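Taking it in order: structure first as structure tokens, then the write-up.
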């Protein structure tokens, strides 16, 4: 038996959180602009890391910013471009390619980026990374969508979102029949990252009914490890889809720093 469709209300809460985004990083310099018609931002650390390290948040700007703030204090830049309604499709990947080229050159950032994918942000993070394995230092995914059939689709056991599902199918050029053979999900393309030895960390709640870990993270882990990759997991017992991150982000921060600042040269 499926749980009631609470997703619209939940995303309303997230939307309200996003309305407060301008207050989140007030202690830092922020540059906001439009990039090819999409809202974009970059936050500057007080003191830039000498290696130009940076983290690229894919979704829900300003929500649970513990990791972002901790990295800003370590001299990382924080970047963002809104491609949420493209659900990681080819156009989103193209936009990310162009944005990556633009900001790495303009702000003299490291060619390897830390990718941060919350919820649906997992789609673009993995879809872009699988095409750009040499540009990824590591992936931090948090309750990530790894199969569109799970969310926003209502084809498995999770709580779907009919309006988002309609948009998702449209932007991918799919329908409810062809999507069953679709191989453009993170659960599929993660293999390329595993083969390239790109490290990944997934944080998830084991009571998540919106993006269930057993039809998103677990199949991705299976394919990732089968392809020879290494992926770390932080399981939050009894926690649902929210809140993201950890109250104390140290385990996430340590993972990221171990694959950037503290990485053996």
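Just so you know, all these numbers are worked out from the coordinates, no wet-lab data involved. All values reported here derive from a predicted model rather than from experimental measurement. Note that each Cβ is placed from the backbone with ideal geometry, even for glycine, and that neighbours are counted across all protein chains shown.
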Every pair of residues 6+ apart whose Cβ atoms lie under 6 Å, when the first sits in the range 34-53 and is on the phi > 0 side of the Ramachandran plot while the second is surrounded by fewer than 17 Cβ atoms within 10 Å (Cβ to Cβ) and in a loop (DSSP other than H, G, I, E, B): 52/108
Qualifying residue in the range 80-102 (condition: surrounded by 21 or more Cβ atoms within 10 Å (Cβ to Cβ), closer than 21 Å to residue 200 by Cβ and more than 16 Å from the chain's Cα centre (by Cα)): no
Of the residues in the range 104-120, those that are outside any loop (DSSP other than H, G, I, E, B) and either touching a strand residue (DSSP E or B) at 6+ places or on another chain (Cβ under 7 Å) or in contact (Cβ under 8 Å) with a residue 12 or more places away in the chain (or both) come to 113, 114, 115, 116, 117, 118
If you check residue 202 against the conditions, is it more than 28 Å from residue 100 (Cβ to Cβ) and within 17 Å of the chain's Cα centre (by Cα)? no
Listing of strands (runs of 3 or more DSSP E) fully contained in the range 136-243 that carry 2 or more residues being surrounded by fewer than 18 Cβ atoms within 10 Å (Cβ to Cβ): 231-236
If only one of 79, 101, 92 is on the phi < 0 side of the Ramachandran plot and part of a strand (DSSP E or B), which one is it? 79
